[in-house]
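What follows is a single structure, written as structure tokens, with notes after it.
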Amino acid sequence: MSLGLEHYLVLSAVLFSIGLYGALAKRNAVIILMCIELMLVAVNITLIAFSRYIVPAELTGQIFAIFVIVVAAAEAAVGLAIILAIYRNRQDIDVTKINLMKW
Amino acid sequence: MNLTLFIPELTLTVFAILVILLDLFVRQKRVLAQVSISGLVIAGVITIAMWGNSFPAIFNNMLAVDNFALFFKLIFLAVAFLVILASVDYTSRFARFQGEYYALVLLSTLGMMLMAGAADLITLYISLELTSISLYALVGFLKDGKSTEASLKYLLLGAISSAVLLYGMALIFGFTGKTQLGEIAMVIQTMPAQTLLASPALILGMVLLIAGFGFKIAAVPFQMWVPDVYEGAPTPITAYLSVASKAAGFAIILRVFFSAFGQPEWLSLNWGMIFAVLAAIGMTLGNIMAIPQTNIKRLLGYSSIAQAGYLLIGLAAMGFSAGADTAGRSGILFFLASYVFTNMGVFIAIIAISTKLNSDQIEDYAGMGKRTPLVALALTLGLISLIGMPPAAGFMAKFYIFSAAVQHNLLWLVIIAVINSVISAYYYLRVVKVMWLGKPASEEKISQSGTLKLALVLASLGILLLGILPGYVMRLAEFAANMRLY
């Protein structure tokens, strides 16, 4: 059996779903941030697989993935800074306890 | 490639860096606001000078410089101008990082300007993130409990929604093999309808895009963050979020759905219907949830969800007209222009009152009609415009967008919208009533600084001008709505 486009797409869809589940179900803000990174990695796999199998002559998907990685790094940096600011305010990063304002 | 077409963005970048550098040397922090404002004015003048011409897209068709983009760039620059005017007194309460505050406002404006021109999925994603990441930091700028909480909620939900958006982009890229909007459109139009229908990738990608963009414009069901973030953020940033961020979201939705998915007709009817349903739910939910609110910033958060619903009517009309006429598009542009002045006017008045009272509670606004009559008058004008009553701009805006919808067989949606406008009159007028008829806690007059007065006068003039003489701006909007297809 050889690996085809479908295998990569299924892998990335599973990864994306795991990430989304974690982002919605976890309570620790840092773990939520990690789950969001997982979602972005899943998207990168999709992009590169599509690029490899649909338009192998161009590198559009790979270039897109590089941009996504850079932006994800920036987002993680700002995210961790905000989590630090929260921690300094209340010595806790459990998102279920961050409820000064009601939903 | 013509780099001169990129000068407004380059100007803003240079001025943002300049502000950060000056912050190291300058004692008198007011200078930073002056530098930022001069940067915005220069970028605005150059943008106006470019108006009316038909330029080709730059950077390999990745960034459009058409009149549509220029119209939105002017909106963003005007909002940033008013926000900085309104921030001058507000920022003096930050002990540190005033330079970063102005620089981040300029950088997020830069991101929005790029969003208005983005004609490629990659540009679109980068500019969207440039805007969002600057805003995450700005929302948490007060560093107190509420502000950091708002910032964390905005960051987590924003990051999830941009991941969802990205997955949609990846699916559309996989379906068409292209990232440039015009090329995507060509691939879709040359495919037979059976192929399009047989593969769920296109429809799924489109729905994920709507989810991602819906977060930016605060459309239901992606509106959860709005009231909390609006309440917790520094008030000038709340104003900025409610106006500029929403306008930028609509700019990319308009461009993506018009140029990439505008044809064939059954496709545009499909997404038109999605937007119509989102509009109906958004208006109703926003207006009903706003009724019990006691905090004015939270009330305006729900009001902004409702206003997003009215704007979505224009998108639905655009989907139903299938590119035949520009009524829906120019209606949205005019609505956004009037919404900019209206909401900025309201928020500047709130900054003027709340910073003196140290409270955002509506009941504390009692007697403002006596204590600071001009600000109360401006706030009343803004709220009347939000309801959509003449002579304010909001009336003409709703009139244009509703008539566009009626032309395209969306009468049911307009009926829901009109009922909603009546509901909204209740909670907007309650604020007006408290201000003019309520019993003041003290008789002491509240004085305002010159910059705040200037910002308030500019916004109020804008509301009246667009309400009484809408023709000129409407012609500009119609001109801008003729987007170039690439």
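The values are calculated or read from the model by the stated rules, or taken from the named source; none is laboratory data. Quantities reported herein were computed from a predicted structural model and do not represent experimental measurements. Every residue, glycine among them, receives a Cβ derived from its backbone with ideal geometry; neighbour counts consider all protein chains shown.
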Looking only at residues that are at the interface with chain A (Cβ under 7 Å from one of its Cβ atoms) and over 29 Å from B:P236 (Cα atoms) in the stretch B:142-181, which one is surrounded by the fewest Cβ atoms within 10 Å (Cβ to Cβ)?
B:G177
Can you confirm whether the stretch B:123-139 contains a residue that is outside any helix (DSSP H, G or I) and either touching a residue at least 40 places away in the same chain (Cβ under 8 Å) or at the interface with another protein chain (Cβ under 10 Å from one of its Cβ atoms) (or both)?
no
Determine whether B:L285 is crowded, with 23+ Cβ neighbours inside 10 Å and either modelled with pLDDT of 90 or more or within 14 Å of another protein chain (Cβ to nearest Cβ) (or both).
no
Criterion: buried (at least 23 other Cβ atoms within 10 Å of the Cβ), at pLDDT below 90 and within 20 Å of B:I184 (Cβ to Cβ) - qualifying residue of B:G323, B:G328, B:G249, B:G319
B:G319
So the helices (runs of 4 or more DSSP H) completely within the stretch B:333-431 holding 2 or more residues that are farther than 20 Å from B:I237 by Cβ and without any contact (Cβ under 8 Å) to a residue 60 or more places away in the chain are B:373-387, B:393-407
Inspect all residues belonging to the stretch B:211-218 and state whether any of them is more than 14 Å from chain A (Cβ to nearest Cβ), surrounded by fewer than 24 Cβ atoms within 10 Å (Cβ to Cβ) and touching a residue at least 60 places away in the same chain (Cβ under 8 Å).
no
Residue ID - modelled with the highest pLDDT, chosen from residues in the stretch B:37-75 that are closer than 27 Å to B:A185 by Cβ, touching a Phe, Trp or Tyr at 6+ places or on another chain (Cβ under 7 Å) and in a helix (DSSP H, G or I)
B:L70
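Residues to consider are B:L466, B:L437, B:L476, B:L461; find the one that is surrounded by 15 or more Cβ atoms within 10 Å (Cβ to Cβ) and more than 30 Å from B:P56 (Cα to Cα). Give the steps one after another, and end with the answer.
Working: B:L437 fails: surrounded by 15 or more Cβ atoms within 10 Å (Cβ to Cβ); B:L476 fails: more than 30 Å from B:P56 (Cα to Cα); B:L461 fails: surrounded by 15 or more Cβ atoms within 10 Å (Cβ to Cβ).
Result of the check over B:L466, B:L437, B:L476, B:L461: B:L466.
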Would you kindly identify the helices (runs of 4 or more DSSP H) lying entirely within chain A that contain at least 3 residues that are within 7 Å of another protein chain (Cβ to nearest Cβ) and either over 27 Å from B:L142 (Cα atoms) or of a type in the set (G, A, S) (or both)?
A:29-53, A:60-90
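Every residue, every condition in (1) part of a helix (DSSP H, G or I); (2) within 30 Å of B:I188 (Cβ to Cβ); (3) in contact (Cβ under 8 Å) with a residue 24 or more places away in the chain, yes or no:
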residue: B:A251; (1), (2), (3): yes, yes, yes
residue: B:W266; (1), (2), (3): yes, yes, yes
residue: B:V277; (1), (2), (3): yes, yes, no
residue: B:G282; (1), (2), (3): yes, yes, yes
residue: B:Q293; (1), (2), (3): no, no, yes
residue: B:S304; (1), (2), (3): yes, no, yes
residue: B:I313; (1), (2), (3): yes, yes, yes
Within the stretch B:22-44, restricting to residues that are exposed (fewer than 13 other Cβ atoms within 10 Å of the Cβ) and hydrophobic (A, V, I, L, M, F, W, C), the one that is farthest from the chain's Cα centre (by Cα) is B:F25
